[in-house]
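All remarks here apply to the structure that follows.
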DNA sequence: CGCTCCTAATATGTCGGAGTAAATAGGGAG
DNA sequence: CTCCCTATTTACTCCGACATATTAGGAGCG
């Protein structure tokens, strides 16, 4: 019985070595491990995760922890369990790819270029439309949030995490100004993708242009209540971002 | 170690169909109960769910089953648990509102009109753009799927579940033809909302116009590879749907 | 009197074992 | 060869115990 304590610390320390901050809880760490394994293609749809007991022993954790991790994956549409049939990886179209955590797993390894393209295409569709709505519905507080984020972007550049957070805040403020919860939820997903690619571009030593002027143009149009201008300015912004991303990805 | 023998498409499709429903498993039923309670506003952000033991006793289930349900809610961003502090409902902007299951919980009771408006606004943004992409990228198989769905819509009308399923299939086929996974994921969310409102309009005895011609126009444009025409036709379609929905909701 | 640190209480997290229900595989009867 | 029945495997549920973490309150000290 006292063994339980030791193996617990062991497992947590181990998971900490492999990836920092996946989940503070044990089942969170397991979900992270399995999630990244699935997203990276280590398991493909149709594959069966060997039985509870086998897997729990292999991971050196109890069945409870393993089961709770499976519940998480099930909730996100990655797997489904049936008695006797085992736990099976579901087809890709059942995955909640827009779930922030799933997205994090997708970007934990080397994400599929096609998938990144998908997200940027979605962004190119949603964000200009959101900017148009924001221009019509924003209030003073929204504008202040955007302005603050813009100032923070100027202070810290996109080379720092603080700068990227400010970038996310700016875009989130726009989504928030649309007064549309469904759109707002997307900001988390899109933000994760953009953040990753921004880091990626930087790793590739290819951080090209100053993004501030483009952002300012979007802000000005929204502040002026110019719906068409906001949409167009945002369109330019995401197109340029996509262009940069694409070139640095194929370059690699 | 998947033995290629016994897992066929049938088994996967079957498991997919029976996956919906209030929850055949116990923890699924609990998650449903708590999820609908949260989405309906019975619990508001910041509220804390009384302790595990207390709640498990109240629901007459074991702590394990309750905990697995909580893991599901946690995975969807509805709640977060911390030792000693309890399990508290997270602020709304952390909720994965586009998760199909969460959406189902939102529509289980009387959904917030503002939220429905949000989803239709999202639809009005995404679907025309998707139709544009579909017109450029669809292949013969995509067109066949759309055509079949259209035929099914004609056979069963929108008054039957089979007809509404055909409607969803039609729109899903368009999203699928975009070759964009991120967009495809949205189809499930949007489809759920549209399905609910369609049923709602019917309950309100206000099923107004024949939707077939509008759908045919979209199909024709996509089949012809007319990107602009497809976007415009879809735009008309969703605008009319939104108009109908709005009028029947305020009428009530 | 106020601050810091330590201790204790409490609720979540983890564990492993027992028993139940379901679905498949394999064998037996027709 | 087909159909049904049985047996086994596996997930699902429950239980009681211990470990851990966070908070709250009190002791000690400046």
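The values are calculated or read from the model by the stated rules, or taken from the named source; none is laboratory data. Because the structure is predicted, anything quoted here is derived from the model rather than measured. Glycine also receives a Cβ, built like all others from the backbone with ideal geometry; neighbour counts cover every protein chain displayed.
Listed by first and then second residue, the pairs with beta-carbon distance under 6 Å, at least 6 apart or on different chains, first residue in the stretch B:70-98 and without any contact (Cβ under 8 Å) to a residue 12 or more places away in the chain, second within 15 Å of DNA strand D (Cβ to nearest atom), are B:71/A:68; B:71/A:71; B:71/A:72; B:75/A:72; B:75/A:75; B:81/B:87.
Taken across the stretch B:93-102, residues that are buried (at least 18 other Cβ atoms within 10 Å of the Cβ), in contact with a strand residue (DSSP E or B) (Cβ under 6 Å, 6 or more places away or on another chain) and not in a loop (DSSP other than H, G, I, E, B) do not occur at all.
Given the criteria within 16 Å of the chain's Cα centre (by Cα), outside any helix (DSSP H, G or I), more than 8 Å from chain B (Cβ to nearest Cβ) and more than 13 Å from DNA strand D (Cβ to nearest atom), does residue A:109 qualify?
Details: within 16 Å of the chain's Cα centre (by Cα): yes; outside any helix (DSSP H, G or I): yes; more than 8 Å from chain B (Cβ to nearest Cβ): yes; more than 13 Å from DNA strand D (Cβ to nearest atom): yes.
Criteria met by residue A:109.
Farther than 16 Å from residue A:191 by Cβ, at pLDDT 95 or above and not in a loop (DSSP other than H, G, I, E, B): is that true of residue A:141 in this structure? Can you show your working first?
Numbers: farther than 16 Å from residue A:191 by Cβ: yes; at pLDDT 95 or above: yes; not in a loop (DSSP other than H, G, I, E, B): yes.
Judged against the criteria, residue A:141 is a match.
Take the conditions away from DNA strand C (no atom under 12 Å from the Cβ), at pLDDT below 95 and buried (at least 19 other Cβ atoms within 10 Å of the Cβ) and apply them to residue A:59. Does it pass? It is false that residue A:59 is away from DNA strand C (no atom under 12 Å from the Cβ), at pLDDT below 95 and buried (at least 19 other Cβ atoms within 10 Å of the Cβ).
Before we move on, is residue A:124 more than 8 Å from every other protein chain (Cβ to nearest Cβ) and surrounded by fewer than 24 Cβ atoms within 10 Å (Cβ to Cβ)? Here the answer is yes, as residue A:124 does meet what is asked. The set of residues in the stretch A:201-250 that are surrounded by 15 or more Cβ atoms within 10 Å (Cβ to Cβ) and under 15 Å from residue A:177 (Cα atoms) comprises A:218, A:219, A:221, A:222, A:223, A:226, A:227, A:230, A:231, A:234. Being assigned to a helix (DSSP H, G or I) and more than 23 Å from residue B:98 (Cα to Cα) is not true of residue B:191. Of the helices (runs of 4 or more DSSP H) contained entirely in the stretch A:19-82, those carrying at least 3 residues that are within 14 Å of residue A:108 (Cβ to Cβ) and more than 9 Å from every other protein chain (Cβ to nearest Cβ) fall at A:26-39.
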